[in-house]
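Scroll down for the structure; my scribbles are underneath it.
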Amino acid sequence: MLRKRLELLLKEFGGAFLDLFVYTAQDKTATQKKLRKDSFVDSIVKTRNYYTHFEERPHVHILKGRELQQMNKKLEILFSIIMLREIGMQSSIIDEAVKYQSEIRFSDLKAE
């Protein structure tokens, strides 16, 4: 359920967020971008499941420490984008604000 909801949210609201915080410069094709987005969603889902269900030994890579902090910040940004869209702000204005803020405040979160 979480995976599907994240995929829907990214499809509807991703825009500049995906370009700035998920895709890398090497992601040129649609297939490469889809794989990168799937990996992004997968890391959120697996990390959430690990911390929610307290598995003793994770079978997969889960986010910890700095990686987890960065993912939380990225999800806060996505949530802000969604809320701004829901109250009626134009996508182009939101995208410009996200791009501007990413240069100033979120440069450490950018996909590399």
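Below are the figures for this structure:
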| quantity | calculated |
| --- | --- |
| Some residue of the range 55-71 being touching a residue at least 40 places away in the same chain (Cβ under 8 Å) and under 18 Å from residue 9 (Cβ atoms) | no |
| Filtered residues of the range 76-93 (kept if closer than 12 Å to residue 16 by Cβ, out of contact with any Phe, Trp or Tyr (no Cβ under 9 Å at 6 or more places or on another chain) and among the β-branched types (Val, Ile, Thr)) | 93 |
| Residue identified as part of a helix (DSSP H, G or I) and at pLDDT 85 or above among 28, 73 | 73 |
| Selected residue (criterion: farthest from residue 23 (Cα to Cα)) from residues of the range 34-70 that are among the β-branched types (Val, Ile, Thr) and in a helix (DSSP H, G or I) | 52 |
| Residues being part of a helix (DSSP H, G or I) and surrounded by 13 or more Cβ atoms within 10 Å (Cβ to Cβ) - total across the range 88-98 | 5 |
| Single match in 17, 79 (criterion: surrounded by fewer than 13 Cβ atoms within 10 Å (Cβ to Cβ), of a type in the set (Phe, Trp, Tyr), on the phi < 0 side of the Ramachandran plot and in a helix (DSSP H, G or I)) | 79 |
| Qualifying positions in the range 20-44 - aliphatic (A, V, I, L, M) and crowded, with 16+ Cβ neighbours inside 10 Å | 20, 22, 41, 44 |
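The values are calculated or read from the model by the stated rules, or taken from the named source; none is laboratory data. Just so it is clear, the structure is predicted and the values come from calculations on it, not from any experiment. Quick reminder, even Gly has a Cβ in these numbers, built from the backbone with ideal geometry, and neighbours come from all protein chains shown.
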